[in-house]
Amino acid sequence: MFKLDNTLLEELGLGSLPPDEKNRMLGHIYETLEMRVGVKLAEQMSNEQLDEFESFIDSNDEAGALKWLESNFPNYKQVVADELENLKSEIRQAAPQIVAASQQQPPAAA
């Protein structure tokens, strides 16, 4: 499907970030993507479906949640792809400011 890794950061213009900043950025991208996809899918769910899906999430059953999504929302991978493209576009636009801000920060104390 897609990988959240250094190659993605290079593609977005963030390849020059320090390693710790890269890790933070990848975490932020993942969390933001997860939230946006969740909101998009939740908008399409009935209350019953929402309860069913949340039961998988609450019990940390990621495999069950994915299987449920595949059977109830076969287009969910497209939703993920669309939201990732939107997020990548936003990050590309902000990349120069993100890199500049990382270069102005003092190095973290060891």
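Only one of (1) in contact (Cβ under 8 Å) with a residue 40 or more places away in the chain; (2) over 21 Å from residue 40 (Cβ atoms); (3) of a type outside the set (S, T, N, Q) is not met by residue 91, so which one is it?
Failed condition: (2).
Select from the range 1-22 the residues that are touching a Leu at 6+ places or on another chain (Cβ under 8 Å) and more than 19 Å from residue 100 (Cβ to Cβ) and write down the one among them that is surrounded by the most Cβ atoms within 10 Å (Cβ to Cβ).
8
Give the residue, chosen from 34, 83, 21, that is within 14 Å of the chain's Cα centre (by Cα) and modelled with pLDDT under 95.
Just a single option satisfies the conditions, and that option is 34.
Out of the range 1-13, which residues are of a type outside the set (Lys, Arg) and under 16 Å from the mean Cα position of the chain (by Cα)?
Listed by number, the residues that qualify are 1, 2, 4, 5, 6, 7, 8, 9, 11, 12.
Residues 35, 25, 45: which one is surrounded by 12 or more Cβ atoms within 10 Å (Cβ to Cβ) and closer than 28 Å to residue 9 by Cα?
25
Find the residue count for the range 17-56, including only residues that are among the acidic types (Asp, Glu) and either over 14 Å from residue 68 (Cβ atoms) or in contact with a helix residue (DSSP H, G or I) (Cβ under 6 Å, 6 or more places away or on another chain) (or both).
Number of matching residues: 5.
Among (1) on the phi > 0 side of the Ramachandran plot; (2) surrounded by 13 or more Cβ atoms within 10 Å (Cβ to Cβ), where does residue 60 come up short?
(2)
With the checklist (1) modelled with pLDDT of 95 or more; (2) among the charged types (D, E, K, R); (3) under 15 Å from residue 4 (Cα atoms) in hand, flag the one item residue 48 doesn't pass.
Condition not satisfied by residue 48: (3).
Determine, yes or no, whether residue 23 is of a type in the set (S, T, N, Q) and under 16 Å from residue 95 (Cα atoms).
Answer is yes for this residue.
Select from the range 70-107 the residues that are more than 18 Å from residue 7 (Cβ to Cβ), out of contact with any helix residue (DSSP H, G or I) (no Cβ under 7 Å at 6 or more places or on another chain) and among the aliphatic types (A, V, I, L, M) and list them in ascending order.
Of everything in the range 70-107, those that are more than 18 Å from residue 7 (Cβ to Cβ), out of contact with any helix residue (DSSP H, G or I) (no Cβ under 7 Å at 6 or more places or on another chain) and among the aliphatic types (A, V, I, L, M) turn out to be 94, 100, 101.
The values are calculated or read from the model by the stated rules, or taken from the named source; none is laboratory data. Quick caveat: nothing in here was measured; it's all calculated off a predicted structure. Cβ: placed from backbone, ideal geometry, glycine included. Neighbour counts: every protein chain shown.
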